[in-house]
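Here is the structure we will look at.
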Ligand SMILES: NC(=O)c1ccc[n+]([C@@H]2O[C@H](COP(=O)([O-])OP(=O)(O)OC[C@H]3O[C@@H](n4cnc5c(N)ncnc54)[C@H](O)[C@@H]3O)[C@@H](O)[C@H]2O)c1
Ligand SMILES: [Zn+2]
């Protein structure tokens, strides 16, 4: 028997639901609502079969469908591809009562969300994320964007989706390395908020690396709840180190992670860079007297148990430091890190001493 879908509310000015379960892609027609007449389905190549089935479902419901194949990976997130989509929408006569559907990983949901945000200043979009990262992170929260020659995600817009359908069946074709990279964000949600996630990974690390693992659905749902609570503002009441929880906590491990991705010319998987970044942040917190040895060891144990990397072998500290300083989250040249005061209790570390940063980097250098 298949478990009933789980519905996670994302609050805010435009609330919506994230539906999680096997086969939930079948809810696409109701998720689009009765006002929609035309639908553009943007899909990544590995999802062609899924997109074809979706197309017949939509057509059977009387909707007119434009299918758009998205180039693989980051090649999707370009102004040229977005412009091609705008032309297709124009040719199909898309109006404000029509909608975009994305089926793919974070690259597809990002560019599809951007096209929906910009067409006629915004038409509805429903995301069907098909990577673990897409489900627990990219498709939830309303950030959309494309890259420019100068950097990643420099152009974009906030455009909350009308709904998000996380169909767990789609994960069966996802390569394990991609699934495991997405687990870095799940584990991140465990460190910053829901420590039960860490216990579930610790109970069965091998199972955690597979979408059909005994706790996988719960892990996915818990990670989505953390993201939904942060972006929906539900955690605003809970004080963290005297200040409200902001979206910034989602950046745990990302300051060094983004720097690694950048100096490695984006050939690394995001989650692998973030994994090292979380160990770095834990070492920083230990040096700052916030975390004890056991908490830092727990970072290493959980991440390595699912096959995520703990150290960076490339050296190049000066380049990484320079990259961290231009990361868009740095404020006025003062480096700022999300760290933990305890497992599950995030805080901000403002302007750490250069020697402390270097010592933390030394601890994550292979
Ligand atoms: N908007 C946000 O808040 C947010 C948050 C995190 C990440 N992102 C963005 O997400 C992107 C990364 O997302 P990603 O890791 O999902 O990468 P991706 O979208 O590039 O997908 C990774 C690869 O897996 C393939 N794929 C996707 N689903 C599959 C499936 N079910 N079976 C087989 N293959 C499949 C894709 O075609 C691609 O080749 C980045 O561009 C990042 O900037 C956005
Ligand atoms: Zn991330």
Checking the conditions here, which among 149, 139, 193 is over 18 Å from residue 43 (Cβ atoms) and surrounded by 24 or more Cβ atoms within 10 Å (Cβ to Cβ)? 193
If a residue must be in a helix (DSSP H, G or I) and in contact with a helix residue (DSSP H, G or I) (Cβ under 7 Å, 6 or more places away or on another chain), how many such residues does region 67-101 contain? 8
Does residue 332 satisfy the condition of being more than 16 Å from ligand 2 (Cβ to nearest atom) and modelled with pLDDT of 95 or more? no
Count of residues meeting criterion [farther than 18 Å from residue 338 by Cα and away from ligand 1 (no atom under 13 Å from the Cβ)] in region 252-278: 3
Anything in region 23-37 that is touching a helix residue (DSSP H, G or I) at 6+ places or on another chain (Cβ under 7 Å) and crowded, with 16+ Cβ neighbours inside 10 Å? List them, or say none. 25, 28, 29
Taking into account only those residues within region 38-66 that are assigned to a strand (DSSP E or B) and free of Cβ contacts under 8 Å to residues at least 60 places away in the same chain, which is surrounded by the fewest Cβ atoms within 10 Å (Cβ to Cβ)? 64
The lone condition residue 74 fails out of (1) modelled with pLDDT of 95 or more; (2) within 16 Å of ligand 2 (Cβ to nearest atom); (3) touching a strand residue (DSSP E or B) at 6+ places or on another chain (Cβ under 9 Å) is (1)
Is it true that residue 9 is at pLDDT below 95 and under 21 Å from residue 158 (Cα atoms)? no
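Conditions tested, residue by residue: (1) modelled with pLDDT of 95 or more; (2) within 17 Å of residue 264 (Cα to Cα); (3) surrounded by 15 or more Cβ atoms within 10 Å (Cβ to Cβ); (4) in contact with a helix residue (DSSP H, G or I) (Cβ under 6 Å, 6 or more places away or on another chain).
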site: 298; (1), (2), (3), (4): yes, no, yes, no
site: 306; (1), (2), (3), (4): yes, no, yes, yes
site: 312; (1), (2), (3), (4): yes, yes, yes, yes
site: 315; (1), (2), (3), (4): no, yes, no, no
site: 319; (1), (2), (3), (4): yes, yes, no, yes
site: 325; (1), (2), (3), (4): no, yes, no, no
site: 336; (1), (2), (3), (4): no, no, yes, no
Residue check, residue 284 crowded, with 24+ Cβ neighbours inside 10 Å, more than 16 Å from ligand 2 (Cβ to nearest atom), at pLDDT 95 or above and part of a helix (DSSP H, G or I): yes
Does residue 123 satisfy being buried (at least 18 other Cβ atoms within 10 Å of the Cβ), away from ligand 1 (no atom under 14 Å from the Cβ) and more than 19 Å from residue 20 (Cα to Cα)? yes
If you scan region 180-224, which residues turn out to be out of contact with any strand residue (DSSP E or B) (no Cβ under 9 Å at 6 or more places or on another chain), within 14 Å of ligand 1 (Cβ to nearest atom) and either under 18 Å from residue 252 (Cα atoms) or touching a residue at least 60 places away in the same chain (Cβ under 8 Å) (or both)? 180, 181, 182, 183, 184, 185, 186, 188, 189, 211, 223
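The values are calculated or read from the model by the stated rules, or taken from the named source; none is laboratory data. These figures come from a predicted structure and were not determined experimentally. All Cβ positions, glycine included, derive from the backbone under ideal geometry; neighbour counts span all protein chains shown.
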